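Reviewing the structure listed below.
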Amino acid sequence: MAKQEKGYRAAIGSPSLILIFIVLCLVTFGMLSLSTAKSEWDLAKRNASAVTEYYRADSEGEKFYRMVSETVDAVREQSPDPGECRKLLSRKLGGYYRLGEGTVVTEIAMERSQALFIELIPQFEGTGSMIISQWKVVQTEDFEIDDSMPVWTGGETKE
C-alpha cells in the first residue's frame with residue numbers, strides 16, 4: 001500500500017463562500033445607499049436655495065409692483081389726460097418707464113446668472129388697473145457650450 005500523507009487544508013466549504021458573497025453584497029449596497037443619500041441631500045439643499053432665492057426676488061417684485069401702482073394712482077389723480085399721465089409717470093419712474101412702449105420694466109437680480117423680469121402696463125383709462133404683461137425668470141448671461149472634447153457626431157471618422 002502506498003503511503004498516504006495527511007495534510008491540513010483550510011476547510012472553506014460552500015456555506016462559507018456564500019456567507020462571504022452575502023457580506024460583500026451587503027457592503028456594496030450599503031455604500032451605494034450612502035452615496036445616493038448624499039446626492040439626494042445635496043440636491044435638496046440646492047433646490048431649497050433656488051426656491052428661497054426665487055421667493056426673495058418675487059417679494060422684491062411685489063414691492064416694485066406696489067410702488068408702481070401707487071405712483072400710477074398718484075399720477076391719475078394729478079391729471080385726467082392719459083397723454084399727460086404718461087409724461088408724469090415717465091418723470092416719476094425714470095428709467096423704469098419706457099415711454100415709447102408705455103410699459104414699466106425692471107429686472108431683479110438672482111443667483112446663478114438669473115433675474116426676475118417684470119413688465120407692467122399701466123392703464124390710465126377706466127378703472128386704472130395694472131396689467132402684468134410678463135413676470136418670469138430669465139437668464140442674464142449667455143450659455144456657452146463646451147465643445148473642447150472631441151465627440152463623434154455620427155459622420156465618418158478620419159484615421
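The values are calculated or read from the model by the stated rules, or taken from the named source; none is laboratory data. Computed from a predicted model, the values in this text were never measured in an experiment. Quick reminder, even Gly has a Cβ in these numbers, built from the backbone with ideal geometry, and neighbours come from all protein chains shown.
General remarks:
- Test: residue in region 83-105 that is in contact (Cβ under 8 Å) with a residue 12 or more places away in the chain and polar (S, T, N, Q): yes
- Residues located in region 84-114, provided they are among the acidic types (D, E) and within 35 Å of the chain's Cα centre (by Cα): E101, E107, E111
- Residues of region 65-84 that are among the hydrophobic types (A, V, I, L, M, F, W, C) and more than 15 Å from I131 (Cβ to Cβ): M67, A74, V75.
- So D81, is it surrounded by fewer than 16 Cβ atoms within 10 Å (Cβ to Cβ), more than 29 Å from the chain's Cα centre (by Cα) and at pLDDT below 90: yes
- Pairing each residue of region 130-159 that is among the aromatic types (F, W, Y) with any residue that is outside any strand (DSSP E or B) and modelled with pLDDT of 80 or more, provided the two are 6+ apart or on different chains, yields C-beta distances under 8 Å for W135/G61.
- The residue that is surrounded by the most Cβ atoms within 10 Å (Cβ to Cβ), among those in region 84-115 that are small (G, A, S) and part of a helix (DSSP H, G or I), is S90.
- Only one of the listed residues (F143, F124) is surrounded by 15 or more Cβ atoms within 10 Å (Cβ to Cβ) and assigned to a loop (DSSP other than H, G, I, E, B). That residue is F124.
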